Every structure is written in C-alpha cells, then in structure tokens.
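The values are calculated or read from the model by the stated rules, or taken from the named source; none is laboratory data. In this text the structure is predicted, and so the values were computed from the model without any measurement. Cβ: placed from backbone, ideal geometry, glycine included. Neighbour counts: every protein chain shown. The protein model used for the area step is the full one, side chains on, heavy atoms only, and it has no ligands, DNA or RNA in it. Shrake-Rupley method; radii C 1.70, N 1.55, O 1.52, S 1.80 Å.
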Amino acid sequence: MAFNVKKICCIGAGYVGGPTMSVVAQQCPDIEVTLVDMNTARIAAWNAADLNELPIYEPGLAEVVGEARNRNLFFSTEIEKAIQEADMIFISVNTPTKNYGKGKGMAADLKFIELCARQIAEVSTTDKIVVEKSTLPVRTAAALKSILHNTGSAVNFHILSNPEFLAEGTAIQDLLNPDRVLIGGENEDAIQALVAIYARWVPTDRILTTNLWSSELSKLTANAFLAQRVSSINSISELCEKTGANVEEVAKAIGMDSRIGAKFLKASVGFGGSCFQKDILNLVYIARSYNLQEVANYWEQVILMNDHQKHRFADNIIQTLFNTVNGKKIAILGWAFKKDTNDTRESAAIYVADHLLNEMANLSVYDPKVPAEKIYIDLDNLNTRNAAENQSLVTVSADPYEACKDAHAVAILTEWDAFKDYDWAKIKAHMKKPAFIFDGRKLLNRQQIESLGFNYYAIGE
Ligand code: NAD
Ligand code: UGA
C-alpha cells in the first residue's frame, strides 16, 4: 500500500528536530510539518517574532524558518494533537548518556524515546510511519515495535530508522546537500514514502536504504570513525611537540593520500559536542554487553585520548606559567564546542576551565554566542565546586578586549573566525608581561603573534 504523506509531526524541537524539519517544510511546501516539544520556553522561542531570538544559532536557519513558518511549518506544545493528525512521526528527542543505574556513564538513556513511543501508541487512531531520527543503540527499533504493536488497537505502525548526520554550525548546508541520507526499514512502502520526501531535493543516488539494524549501527559507527580521526591526529600532536614535527604539516601530508582524505584531521584541544563521546560510550557499552571486550577497549581509547588532550592542554598552561596559576587571571576565548554554534555541550572549554579553577586561577571568559548564565550552568553542572565559588572565580565579559585586560595568558578554545582579526597588539599592551597565548585551535599566525612579543604555544608545534 503506497503512503501519501500530507502531515508530518516531529517530537523534539532541538538542534536536530528544529533545523531538519525547517528544511523539510521549506522543500515540501505541500506537506504540513508540526514540531512539538514539552519544553514550552523552547517552543515559544521558535515562534519568536524576531528571528534572531530562535533557540538555536545556526547560519542560514533564520532564513529557512522565516520562509516556511506559519505557511506549512508550525511549532507547538500540543503534542497529542500533532501525533493524532500526522501520517508520519519523527522522533528527535535527546538520548543522553545514562546518569543512574545499570549502564550509568555509558549506555544511552532511552526514557525519552520510550515515553514518545508510549504516547504515540496511546493517542493514535490512524496508521502511522514512525521514524527514528534520534541516534539510538542498535536494536532500539525492536523495543519501539514491541510497544507500538501491543496496543490492542487496529492501528498499524511502520518503523523506520533515519539517523541524522548534520554537524552543528553547518546544519542547513548539510541538510540541503547531504553526502547521503540513510533510511533503514522493513516495509518497502513505508521506506519509499520517506525516500519520496527526501527525493524532492536530494539526488536519489544519495538516498541509501538498508535494514533497520544496519541503519542504527551505521550512525554510531560514523560518529566513532569521525571522533577516532580527531583523537588519532591529537595523539600525533603530542608527539609533534616532542620531536619538532608540525602537526599541520603531518596532517596535510597524510591527508593528500586519497585513501586517508584531508577532512577531520585538525588537531585541537579535544573534541566536544553532545554526540561523539555519548555515541562512542554507547558503542562501547553495546560491545561489552555482547562480551566483545577487545572491540569495546578499542573504541574506548578514542575517549581516553580525548580526555588526555584536554588535561594536557590545561597542564601545559599551568607549567608554562611558572607552575602556578593561583590568583592569576587567564582569559578564555571561546566556550562553544566549535565555531558558529551557541551549543556548549561537552565543550573542551568546560573541562580546561575546570582544571584551571582547581588550581585557583581567575578566569575571564568571552564567547560571541554563549550567554553568561550558560557558562555558569556548565561549570556548576560538573559539581566540582559550589555555584558561589564558580561565581567568585569566573567572570564573563561581553567584550574580548575587556576579557584579556590584565590577563597573564589567553587560551583560545573555540575557533571563532573573528578571533583572528582582533587587534592583538592592543590586547598585548593591556596584558601582564610576559604575555602568553595558548592556542587550542591553531587559529593565529605564529609569526605575526610572536613578532608582537607574545609567547605563543599552539597544539602540535
Ligand atoms: P536536544 O536536547 O537539543 O533536543 C531534544 C528535544 O526533545 C528537547 O527540546 C526536549 O525538550 C525534547 N523532548 C524530550 N523528550 C520529549 C518528549 N517525550 N516529548 C516532547 N519533547 C521531548 O537534542 P538534539 O541535539 O536535537 O539531539 C536529538 C537526537 O539527535 C539525539 O539522539 C542526538 O544524538 C541526535 N543527533 C544530534 C545531532 C546534533 O548535532 N545535535 C546530530 C545528529 C544526531
Ligand atoms: C558530529 C558529526 O560531524 C555529525 O556528522 C553528526 O551528525 C553529529 O556529530 C552528531 O551525531 O551529533 P558535530 O558534533 O555537530 O557533528 O560537529 P563536528 O564538526 O563533528 O565537531 C565535533 C567536535 O570535533 C568539535 O569540538 C570540533 O571542534 C572537533 N573537531 C572536528 C576537531 O577537533 N578536529 C577536526 O578535524 C574536526
């Protein structure tokens, strides 16, 4: 039976649901797309009259929302109504690492997914295609099936896996021009219904269909491979610092081998973001649950290397500043986990800052897109010290020059393009001497910075 999808509902209006559904609505003006979320403040922000106040900063997003919103794109808290009316339901809720019970610190917490499945089962009166958009452990669809197929009603549910590969900061471009779209499923008509939606703007040879389990596992594997490349080059960055090799030159030399490729070889203070660590931990947990210890240990090393990179960056600051940062002001430029996003989840900056605060440094933070309250929440959530202590040791500046004034050192932790164009001579003039820069993103030009009289340290040089 061919499906005619006229109405789509997406549960979860976050970093994935928001941009993805905005692009679907923009590309399919004849399909009504409703994004629902239980977070009323988030939905209100998606409906903000001023498009600069959307809850997510992502280049190009405001334009897409501006085009489709209230035409065929709607943001609502009426979850049951949207489920009832939809032909196709995307589940795009968060799947964080479990912080309690069995699998604590490793497994994905699927409570939000299960709540969605139960709600869909409870309120649906017509047949639905249910699409897993969230990143899920392999075989989650079996649990969804079990919940949806045991409702006792005559409603039919078809489950598809359609993991999302967008990266933050380039989400709109990634969605408009994806390397591939992956759709896993069992019912060919349901698969084709989703293929037909993407085919409006994605060439069909880039729409790949697989079985459910391959699709679920491919998403975890893709993130594990990407993160592994970053940890691999970061491991070499430490060796470069000892041997006189330059990690950028090494990355270029190996990246020109078409079998290796040039992307994801940028040495850094460590990868962050909501997914790399979470998804690898999940992969490790799944491997251990099948008693595949070698597989688990292999992938776990990617995380251990990443933790090491963050620690050694912070340790290097302490050592270089004559083995103490107690009472010294250190300016942190960049708090987001990468440029062009306001997302700070698992950002390396949080952990570097925490390490320096343990040594009683005074931090002054500037990020062009992250508000002060978010920075304090990120530190408070670590529970390393109480909120009052974080407030007294950390100031947040709205101006980068103010953040660097009287600082002993500047640490660059996010690769915001604007940092390159700062008046570094002016910054140095107002810093304590000797003035240090610790560049965790290899953003600045060594020659130019050293000619101004800075002591310049960059990862992998
Ligand atoms: P997010 O936290 O930004 O958004 C999830 C939203 O779901 C939240 O707004 C939350 O309120 C809502 N929600 C949770 N349970 C709900 C329920 N029962 N009913 C209604 N709303 C509910 O998360 P995200 O970054 O968008 O990630 C979502 C999923 O996509 C995760 O599985 C993640 O691994 C995956 N993913 C994320 C990215 C990314 O770049 N952030 C990329 C690819 C895949
Ligand atoms: C990543 C993947 O790239 C997406 O394909 C995937 O959909 C997404 O995770 C997800 O599942 O959430 P994202 O985390 O948004 O996307 O951003 P990336 O560009 O992958 O960067 C992740 C982290 O690695 C950042 O902290 C970045 O600074 C760091 N990184 C990246 C490096 O340090 N070096 C590099 O060469 C590349």
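Details
- Filtering the stretch 280-290 for residues that are within 16 Å of ligand 2 (Cβ to nearest atom), in contact with a strand residue (DSSP E or B) (Cβ under 8 Å, 6 or more places away or on another chain) and within 21 Å of residue 136 (Cα to Cα) leaves a non-empty set.
- Here the condition is being over 22 Å from the mean Cα position of the chain (by Cα) and touching a residue at least 12 places away in the same chain (Cβ under 8 Å); of 237, 231, it holds for 237 alone.
- Residue identified as within 18 Å of residue 166 (Cβ to Cβ) and either assigned to a strand (DSSP E or B) or more than 16 Å from ligand 2 (Cβ to nearest atom) (or both) among 213, 201: 201
- Residue in the stretch 85-100 that is open to solvent by 30 Å² or more (accessible area, probe 1.4 Å), without any contact (Cβ under 8 Å) to a residue 12 or more places away in the chain, of a type outside the set (D, E, K, R) and assigned to a loop (DSSP other than H, G, I, E, B) present: yes
Yes or no, residue by residue, for (1) under 26 Å from residue 164 (Cβ atoms); (2) open to solvent by 20 Å² or more (accessible area, probe 1.4 Å):
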| position | (1), (2) |
| --- | --- |
| 236 | no, yes |
| 248 | no, yes |
| 259 | no, yes |
| 262 | yes, yes |
| 284 | yes, no |
| 289 | yes, yes |
| 296 | yes, no |
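- For the criterion of being buried (at least 17 other Cβ atoms within 10 Å of the Cβ), within 25 Å of residue 118 (Cα to Cα) and away from ligand 1 (no atom under 15 Å from the Cβ), residue 185 passes.
- Exclusive hit being more than 16 Å from ligand 2 (Cβ to nearest atom) and either under 28 Å from residue 209 (Cβ atoms) or at pLDDT 95 or above (or both), set 84, 173: 84
- Residue satisfying all of: in the stretch 209-225; of a type in the set (A, V, I, L, M, F, W, C) and surrounded by fewer than 18 Cβ atoms within 10 Å (Cβ to Cβ); nearest to residue 312 (Cα to Cα) among these: 225
- Within the stretch 266-325, considering residues that are among the polar types (S, T, N, Q) and not in a helix (DSSP H, G or I), the one modelled with the lowest pLDDT: 274
- Taken over the stretch 37-58, the criterion of being modelled with pLDDT of 95 or more, within 15 Å of ligand 1 (Cβ to nearest atom) and more than 18 Å from residue 112 (Cβ to Cβ) is satisfied by 44, 45, 46, 47, 54.
- Taken together, the residues in the stretch 264-282 that are within 16 Å of ligand 1 (Cβ to nearest atom) and crowded, with 20+ Cβ neighbours inside 10 Å amount to 12.
- Any chance residue 34 is of a type in the set (Ser, Thr, Tyr), at pLDDT 95 or above and crowded, with 22+ Cβ neighbours inside 10 Å: yes
- Positions within the stretch 101-130 being among the small types (Gly, Ala, Ser), touching a residue at least 40 places away in the same chain (Cβ under 8 Å) and part of a loop (DSSP other than H, G, I, E, B), in sequence order: 103, 105, 107, 124
- Looking only at the stretch 306-319, residues that are over 19 Å from the mean Cα position of the chain (by Cα) and open to solvent by 10 Å² or more (accessible area, probe 1.4 Å) come to 7 in all.
- Condition check for residue 361: among the hydrophobic types (A, V, I, L, M, F, W, C), at pLDDT 95 or above, open to solvent by less than 10 Å² (accessible area, probe 1.4 Å) and out of contact with any Cys (no Cβ under 7 Å at 6 or more places or on another chain): yes
- Criterion (among the basic types (Lys, Arg), open to solvent by 60 Å² or more (accessible area, probe 1.4 Å) and out of contact with any Leu (no Cβ under 6 Å at 6 or more places or on another chain)) met by exactly one of 206, 180: 206
- Residues of the stretch 157-170 satisfying the condition of being in a loop (DSSP other than H, G, I, E, B) and either near ligand 1 (Cβ under 7 Å from one of its atoms) or at pLDDT 95 or above (or both): 162, 163, 164, 165, 166, 167, 168, 170
- Residues that are within 16 Å of ligand 2 (Cβ to nearest atom) and free of Cβ contacts under 8 Å to residues at least 24 places away in the same chain, drawn from the stretch 424-461: 458
- Among the residues making up the stretch 320-343, those that are away from ligand 2 (no atom under 14 Å from the Cβ) and either hydroxyl-bearing (Ser, Thr, Tyr) or buried (at least 18 other Cβ atoms within 10 Å of the Cβ) (or both) are 320, 321, 324, 325, 328, 329, 330, 331, 332, 333.
- Qualifying residue in the stretch 114-131 (condition: open to solvent by less than 50 Å² (accessible area, probe 1.4 Å), under 22 Å from residue 46 (Cα atoms) and within 13 Å of ligand 1 (Cβ to nearest atom)): yes
- The condition of being touching a residue at least 40 places away in the same chain (Cβ under 8 Å), of a type outside the set (A, V, I, L, M) and closer than 24 Å to residue 131 by Cα holds for only one of 299, 213, that being 213.
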